[in-house]
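Here the structure is laid out as structure tokens; the discussion comes afterwards.
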Amino acid sequence: MTKTFDVVGKKKYFYIFSVAVIVITLLLAAILGVNVAIEFKGGTIITYSYTGEVDGNAIAATAQDITGLSCEISYGESVSDGSETISLSFAESTGMDTEIQSELTDALEEAYASSSLTLYSSQDVNPSTGSGFFGKCMVAVLVSMIVMIVYIGFRFRKIGGWVAGICAVVALMHDMFFVFACTTILRFDIDSNFIAVLLTILGYSVNATIIIYDRIRENRNLYGTEKSLDELVNMSVSQSFGRSVHTTVTTVIAVASICIVALVANVDSIVSFAFPLLVGLLSGVYSSNCIAPTLWTTWQGHIDRKNAEKALAEGTNTAAPKAKKTASKSKKKK
């Protein structure tokens, strides 16, 4: 027999924890700021390929001396030939002059000739283009949420429909905020990796919530009014908890392995994708079992109480005229 967890009874602790994370993240974002990648705010990205080892701090210092701009260093690997790459990102809204880029490239190629350092690519990103791309990404996230509300509302119309859809999307927003918290605290950039993680979490986390909703619907058909709303939710979450955890654990193991390999290989671009995704997956288990169903219970319970009070009031108003009519008939008979 499946052990029943009192999820609904402990919902205030879940809400306190989630709100605390949100408040702390917003404070950190306000104090420390948020790192927005050049692809969204504009600038210049210069990438060099090399062999052996190079000193990233020394390269950054040389670049600042020549260009007068500070830069961020990131390491990667060329897709075409597998060579090591180092990227210099300059946050400059007007883009970097080609003469300065040539001077920087000549200086670095001369300083690291033994490492065969050569120019791999150079890219200027217009601020308006970057902000437009970011806006389109946010629209994609918003449209996905609306479609999910419509789909869940139609599929689970017997247990509240749109209420279930909104609660599921609130849980997804909760997961995405946890991804944002991870990005802010660890000082990762808000870039295309961040958007990719959000869209991945949107499609992944909602699965566990739908399974719980499906179990609630089945249990309500099975038990009817025999069990209260809280008992139905506790039972449904407990019955699907094992499946939710086991499914997520397999995915977490794979993502954690990628994250560890990327850390060992010092590939920052993969770490900034894999680790926030790992946090989002774990948050998805938490929100699907502790946030979405308890929110639905609270909201749906409020609606059921209002409907019961309304029905009772209508029943009382209908009974009063009937009583008066019966009394008048009895008087006539006398």
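Quick one: how many residues across the range 134-183 are under 16 Å from residue 277 (Cα atoms) and either touching a strand residue (DSSP E or B) at 6+ places or on another chain (Cβ under 9 Å) or not in a helix (DSSP H, G or I) (or both)?
Number of matching residues: 2.
Just checking, does the range 97-105 include any residue being in contact (Cβ under 8 Å) with a residue 60 or more places away in the chain and either touching a Pro at 6+ places or on another chain (Cβ under 9 Å) or not basic (Lys, Arg) (or both)?
No - not one qualifying residue is present in the range 97-105.
Surrounded by fewer than 18 Cβ atoms within 10 Å (Cβ to Cβ) and within 14 Å of residue 292 (Cβ to Cβ) - does that describe any residue in the range 191-207?
yes
Of the residues that sit in the range 30-59 and are open to solvent by 20 Å² or more (accessible area, probe 1.4 Å) and in a helix (DSSP H, G or I), which one is farthest from residue 175 (Cα to Cα)?
Once the filter is applied, the top-ranked residue is 58.
Quick check on my filter: what residues within the range 260-274 are under 14 Å from residue 76 (Cα atoms) and not in a loop (DSSP other than H, G, I, E, B)?
The answer is 261, 262, 263, 264, 265, 268, 269, 270, 271, 272, 273.
With the checklist (1) polar (S, T, N, Q); (2) part of a helix (DSSP H, G or I); (3) over 24 Å from residue 283 (Cβ atoms) in hand, flag the one item residue 234 doesn't pass.
Every condition holds for residue 234 apart from (3).
Which condition from (1) polar (S, T, N, Q); (2) open to solvent by 40 Å² or more (accessible area, probe 1.4 Å); (3) free of Cβ contacts under 8 Å to residues at least 60 places away in the same chain; (4) closer than 19 Å to residue 288 by Cβ is the one that residue 239 breaks?
Going through the list (1) polar (S, T, N, Q); (2) open to solvent by 40 Å² or more (accessible area, probe 1.4 Å); (3) free of Cβ contacts under 8 Å to residues at least 60 places away in the same chain; (4) closer than 19 Å to residue 288 by Cβ, residue 239 breaks only (3).
I'd like the full set of residues that are outside any helix (DSSP H, G or I) and open to solvent by less than 70 Å² (accessible area, probe 1.4 Å), limited to the range 1-29.
Matches in the range 1-29: 7 only.
For the range 91-149, give me the residue count where each residue is among the aromatic types (Phe, Trp, Tyr) and at pLDDT 85 or above.
So the answer is 2.
Would you mention how many residues in the range 96-141 are more than 39 Å from the chain's Cα centre (by Cα), acidic (Asp, Glu) and loosely packed, with under 15 Cβ neighbours inside 10 Å?
Within the range 96-141, residues that are more than 39 Å from the chain's Cα centre (by Cα), acidic (Asp, Glu) and loosely packed, with under 15 Cβ neighbours inside 10 Å number 4.
Which numbered condition trips up residue 254, out of (1) in contact with a helix residue (DSSP H, G or I) (Cβ under 8 Å, 6 or more places away or on another chain); (2) within 19 Å of residue 203 (Cα to Cα); (3) at pLDDT 90 or above?
So residue 254 meets the others, but not (1).
The values are calculated or read from the model by the stated rules, or taken from the named source; none is laboratory data. This is a predicted model, so every value here is computed, not measured. Please note: Cβ atoms are built from the backbone with ideal geometry, for glycine as well, and neighbour counts cover all protein chains shown. Note: areas computed on protein heavy atoms with side chains; ligands, DNA, RNA excluded. Shrake-Rupley method; radii C 1.70, N 1.55, O 1.52, S 1.80 Å.
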